[in-house]
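The values are calculated or read from the model by the stated rules, or taken from the named source; none is laboratory data. All of these numbers come straight from a predicted model, not from anything done at the bench. Here Cβ is always computed from backbone atoms with ideal geometry, including for glycine, and neighbour counts include all displayed protein chains. Heads up: the accessible areas ignore ligands, DNA and RNA and are worked out on the full protein's heavy atoms, side chains in. Shrake-Rupley method; radii C 1.70, N 1.55, O 1.52, S 1.80 Å.
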Amino acid sequence: MTGDPLGIALQAAFGADLILLSAADRAPYERDWRGRTAGRALAVALPRTVADVQALVRWCGAHAVAIVPQGGNTGLCGGSVPHPAAPHAQLILSLKRLTAVREVDVENDTLTVEAGTTLHAVQQLANAHQRLFPLSLASEGSCCIGGNLATNAGGVQVLRYGNARALALGLEVVLPDGSVWNGLRGLRKDNTGYDLKQVFIGAEGTLGIITAATLRLFPLPQQQQVAWVGLPSVAAALVLFHLLRARCGEQISSFELIGRLPLELALRHLPGTRDPLPDVHPWQVLVQVDQLSPDDLTGHLAALAGAAGFTQAVIAQTAAQSASLWALREHLSEAQRLEGPSLKHDISLPISRIPDFIEQAETALLRQHAGTRLVCFGHLGDGNLHFNLFPADPDGMATTATLDAEHAALTRWVHDLVAAHEGSFSAEHGIGQFKVAELARYRDPVELTLMRALKTAWDPRNLMNPGKLFALPEQ
Ligand SMILES: Cc1cc2nc3c(=O)[nH]c(=O)nc-3n(C[C@H](O)[C@H](O)[C@H](O)COP(=O)(O)OP(=O)(O)OC[C@H]3O[C@@H](n4cnc5c(N)ncnc54)[C@H](O)[C@@H]3O)c2cc1C
């Protein structure tokens with residue numbers, strides 16, 4: 001048996017099936033998705049039931065061990081792995097084995113699943129009942145519904161259906177004292193005091209462990225059209241967005257902006273991909289519209305081409321063509337990874353400010369840091385941009401972590417500009433351990449005081465995911 005005495009005691013209490021102790025077994029859980037950080041865990045717990053989760057939380061409380069909840073470990077802010085400087089021993093509590101389907105209520109358009117169910121499995125389950133669960137992310141094969149809720153995930157259909165926060169009707173949560181809050185209600189109207197589920201959603205595991213959720217389902221779109229449009233500018237993309245929305249309203253489920261450079265990275269690194277349009281365009285948008293025929297979408301785009309200033313667009317004629325347009329969009333992150341480390345910013349802005357922001361940022365960046373390559377893409381319809389910088393001279397830096405440290409001032413500059421445009425430094429990826437200083441810098445002091453008061457009241461010993469959202473106490 002390996003591990004320190006506390007780990008050995010934990011394994012003795014719960015058994016080797018539930019508790020992984022060896023360094024080799026722990027390693028994949030201890031490192032974050034992008035390889036930016038890793039933290040030593042006392043052990044990894046793999047509970048099978050909510051009762052197991054409760055017993056583990058109580059054991060940790062009794063032994064002053066902190067808990068790091070983990071779903072698919074695809075989070076991009078280091079929230080799901082132990083903080084390297086946390087004062088307590090930390091147990092990674094993986095929800096992966098909690099995958100039961102508790103209820104499918106087709107008439108109520110809801111389903112209730114346990115937290116370790118992957119997003120893809122939730123989508124499939126809804127589909128099997130001729131319903132749509134619209135949350136959709138490139139990581140959906142690995143991320144889990146508990147993690148999606150804990151991070152209030154966004155993705156590519158927020159424009160029509162909202163983010164994870166809008167898709168949950170009820171939650172079940174194991175609290176820091178080991179008790180269970182059963183809030184698994186499938187109600188669309190319930191004005192009975194504070195809406196507690198919304199406090200846990202987006203809390204990144206700092207207030208409790210989500211063990212199950214009741215989720216909203218929607219009718220499956222009978223038709224769904226996908227178009228790819230080449231545009232001269234971001235301003236033109238915004239004109240197209242507003243004009244198309246005036247015609248199609250809420251039927252637009254995605255309106256994704258893609259700069260030339262991210263598209264080129266995808267074409268360079270991903271075998272079998274090709275530019276959907278014959279000519280080179282500085283910007284492109286991928287538009288998805290529900291409940292519309294291909295002819296109707298063709299008609300709308302033809303009518304709007306002059307006003308939005310575009311000359312080339314392609315409308316997918318088959319499901320395979322839609323899938324290949326989406327594949328280009330979905331694989332932008334992977335293409336960047338293959339290109340090398342970059343400084344990533346997940347920002348949101350009032351949609352009206354986006355053209356000015358991009359122009360201002362690009363001009364200043366290129367003036368101050370000649371050669372910087374700007375990879376800009378994102379969910380334009382949600383005001384959410386992924387604004388990533390590949391420095392001209394990365395000084396031979398091999399990892400994203402070193403790049404982040406060396407170029408912290410550049411990130412600060414980008415976030416200050418976002419704040420000046422009344423935007424947010426974290427649109428959908430959360431805070432984790434990487435953006436703790438940003439939260440303290442940009443959030444209103446009164447808001448921060450309220451958040452800390454909540455944390456202290458619900459988790460007075462700071463055993464739930466310490467060092468995430470808030471800085472660790474000075475030692
Ligand atoms: C290729 C790729 C594409 C992505 N695209 C998007 C995107 O479009 N939109 C988007 O929003 N995100 C995106 N992400 C980020 C990530 O997939 C999401 O944040 C996802 O919701 C995380 O789910 P997870 O199960 O992997 O959570 P984890 O990474 O395991 O955990 C994330 C946070 O939630 C906490 N947590 C996990 N499970 C629970 C639980 N049951 N109870 C309480 N706390 C918990 C963890 O402690 C941690 O703080 C992407 C990531 C990748 C790798």
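In this simple spin-label approximation, LEU454 and ASP416 carry label points 7 Å from Cα along the Cα→Cβ vector, and these lie 3.0 nm apart.
Using the 1.4 Å probe convention, the accessible area of the chain works out to 41 Å² per residue with neighbouring protein chains retained. When only Cα pairs below 8 angstrom with a gap of at least 6 residues are kept, the chain shows a relative contact order of 15 percent. Its alpha carbons considered, region 344-429 gives a radius of gyration followed by a Dmax of 12.6, 38 Å. Near the amide H of ILE252, under 5 Å away, which other amide H atoms are found, from residues 5 or more places off or on another chain, if H is placed in the peptide plane? The list, which skips near neighbours in sequence, is ASP290. Translational diffusion of region 5-94 was estimated from the Stokes-Einstein equation, with Rh taken as the Kirkwood radius over Cα pairs; at 10 °C and 1.306 mPa s the coefficient is 122 µm²/s. The 3J(HN,Hα) values that the Karplus relation (6.51, -1.76, 1.60; θ = phi - 60°) gives for region 47-59 are, in residue order, x, 9, 9, 5, 4, 4, 4, 4, 5, 5, 4, 5, 4 Hz. Gly and Pro appear as x. The reciprocal of the average 1/r between distinct C-alpha atoms defines the Kirkwood hydrodynamic radius, which for region 101-219 equals 14.1 Å. Overall dimensions of region 224-334, expressed as equivalent-ellipsoid semi-axes from the Cα gyration tensor (√(5λ), whole Å, largest first), are 22, 16, 12. The relative contact order of region 344-429, computed from alpha carbon pairs under 8 Å that lie at least 6 residues apart in sequence, is 45 percent.
Here is the tail figure for the chain: Cα pairs spaced more than 38 Å apart come to 27 percent of all pairs. Between GLN222 and ALA100, the contour length at 0.36 nm per residue exceeds the Cα-Cα span by 41.0 nm. Stokes-Einstein, applied to the Kirkwood radius of region 57-140 over Cα pairs at a viscosity of 1.306 mPa s and 10 °C, places its translational diffusion at 106 µm² s⁻¹. Rounded to the nearest 20, the size of the Cβ-charge dipole of region 5-94 about its Cα centre is 180 debye, with Lys and Arg at +1 and Asp and Glu at -1. Karplus-derived 3J(HN,Hα) values for region 136-147, using 6.51 cos²θ - 1.76 cosθ + 1.60 with θ = phi - 60°, are 8, 10, 5, 8, 5, x, 10, 6, 10, 5, x, x Hz; glycine and proline are entered as x.
Simple spin-label estimate for GLN291 and GLN198 gives 2.6 nm between the two label positions (7 Å along the Cα-to-Cβ direction from each Cα).
When peptides 363-371, 77-85 are ranked by their average number of other Cβ atoms within 10 Å per residue, the highest-first order is 77-85, 363-371. Long-range amide H contacts for GLY202: which residues qualify at under 5 Å (H placed 1.01 Å from N, peptide plane, sequence gap of 5 or more or a different chain)? Amide H neighbours of GLY202: ALA150, THR151, ASN152. Note on the chain: with neighbouring protein chains present and a 1.4 Å probe, carbon and sulfur make up 54 percent of its accessible heavy-atom surface.
Share of antiparallel DSSP beta bridges in the chain, in percent to the nearest 5? Beta bridges within the chain, antiparallel portion: roughly 85 percent.
Normalised by the number of residues in region 101-219, the mean separation of alpha-carbon contacts (under 8 Å, six or more apart) gives a relative contact order of 32 percent.
Reported to the nearest whole Å, the Cα centre-to-centre distance from region 102-160 to region 433-457 is 29.
Report, to the nearest 10°, how far helix 319-330 tilts away from the longest principal axis of the Cα atoms in the chain, using its own Cα long axis and a range of 0 to 90°. Roughly 70 degrees between the two axes.
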